[in-house]
Amino acid sequence: MSDSDAPKALLVLKRALMMPLPISLLVGGALWLALLHGNVWGVLGLIAGIAGAAIYTTLKVQDEEFIRESIRLAHERERRTDGMRMEFRIEELDIESRVKMKTIVRLQNEIAEDVDNSPIDAVATGMADTVGQTEELVERSLAMSRKRRELLRYLSKTEKSGIEARIHSLQGKADAETDPARKAELSTSLQAKEQELKDYLAIEESADRVLTQLDSIECSFESLRARLVRIKSGKVDEWTAARQELQTELVGLNTAVDSIEQSISEALSIGG
């Protein structure tokens, strides 16, 4: 058993032990021991209960269907827990980002479920890395959205029209000024305001790019899901081909997110 298989084996064993029959056998053996006040028949009853539970558990951990179901249920529990945490974080976003993120999270969950419910175990194993990449993209999307909230916060405190009006006023004064010293001061103020406007527009553009990228991720996830749904057979070749397509698209999405993150970092350094 490899290190990566150990956690799966433990969760299968845990589920097997928590099934009604082994619990009943163990509890029954313990009660039998207590009723007989610990005499030899009571001890034998307890041993029989433990042996029965052990046999049942051993059979279950070797049952492929039971193993598959245990892993699927564990994944569902993990996704529900992660989903609740994610919901709290999404609710903090602006309305547009919130709507996009909820859709992206839903689609990612559906992709993960499609893989879990694939007709053959080899598919779920082979696609695990792909599902992991979609989960990573969801996290990166949320991180982008949270940074977008910071950009919007800066934009909400500054009005572009006010900056533009100030530039227009300074330009008029500089053009009309005849005193060289005063004209130089006005020119310096004008340059500062023009830079402020450029920074404002850069921040505005970065905030818009986040929404555009969220749109792209949403559309891509819809496409990924559609491809998985279309594969109904148990042929490994079809799933392998789909996996390669998904990997290519996910690499492209991650590259695009890299570019957006760089833009956001630059914008945040301006806004800060």
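Throughout, read-outs are computed from the coordinates displayed, never taken from laboratory work. This one's a predicted model, so the numbers in the text were calculated from it and none came from an experiment. A quick note on method: Cβ atoms are made from the backbone with ideal geometry, for glycine too, and the neighbour counts reach across all protein chains shown.
As a test of the formula, what do you get for the chain when each DSSP H run with n ≥ 4 contributes -39,500 (n - 2.57) and the sum is divided by the residue count, at 222 nm and rounded to the nearest 500 deg cm²/dmol? Before the final figure, lay out the partial values.
Values: 9 runs with 240 residues, N = 272.
Rounded to the nearest 500, it is -31500 deg cm²/dmol.
By the scheme Lys and Arg +1, Asp and Glu -1, what is the net charge of all other residues having a beta-carbon under 11 Å from that of ALA165? List each step's numbers first, then the result.
Working: positive: LYS160, ARG166, LYS193; negative: GLU159, GLU164.
Spelling it out: positives minus negatives among the neighbours equals +1.
Points 7 angstrom from Cα along the Cβ direction at GLU110 and THR240: gap in nanometres?
2.9
Pairs of alpha-carbon atoms within less than 8 angstrom and 6+ residues apart define the contacts here; what relative contact order does segment 95-271 have, in percent?
On the way: 133 pairs, mean separation 67.4, N = 177.
Once normalised by length, the contact order is 38 percent.
Which number gives the lysine pairs in the chain that have C-alpha atoms under 14 Å apart and are eight or more places apart or on different chains?
On the way: LYS8/LYS60; LYS14/LYS60; LYS160/LYS193; LYS160/LYS198; LYS173/LYS183; LYS173/LYS193.
For the chain, the number of qualifying lysine pairs is 6.
Taking 0.36 nm per intervening residue step and subtracting the Cα-Cα distance, what contour gain separates LEU155 from THR212 on full extension?
Numbers: separation 57, 0.36 × 57 = 20.52 nm, distance 1.80 nm.
Here the segment from LEU155 to THR212 would lengthen by 18.7 nm.
Are there DSSP H segments in the chain that both extend 15 Å or more along their axis (alpha-carbon positions) and score a mean Kyte-Doolittle hydropathy of at least 1.0? List them, or say none. Present the calculation step by step, with values, prior to reporting the outcome.
Details: long enough: 6-17 (16 Å, 0.91); 20-35 (22 Å, 1.84); 40-61 (31 Å, 1.62); 64-90 (38 Å, -1.21); 95-116 (32 Å, -0.42); 121-157 (54 Å, -0.51); 160-176 (24 Å, -0.60); 180-230 (74 Å, -0.49); 236-271 (51 Å, -0.04).
Both cut-offs are met by 20-35, 40-61.
In the neighborhood of ASP63, defined by Cβ-to-Cβ distances under 12 Å, what is the net charge if each Lys or Arg adds +1 and each Asp or Glu adds -1? Show your work: numbers first, answer last.
Values: positive: ARG15, LYS60, ARG68; negative: GLU64, GLU65, GLU69.
That sum, taken over residues with Cβ under 12 Å, equals 0.
Across all directions of projection, what mean area in square nanometres is found for the Cα convex hull of the chain? Please report the intermediate quantities before stating the final value.
Working: hull surface 89.6 nm².
So the Cα hull casts an average projection of 22.4 nm².
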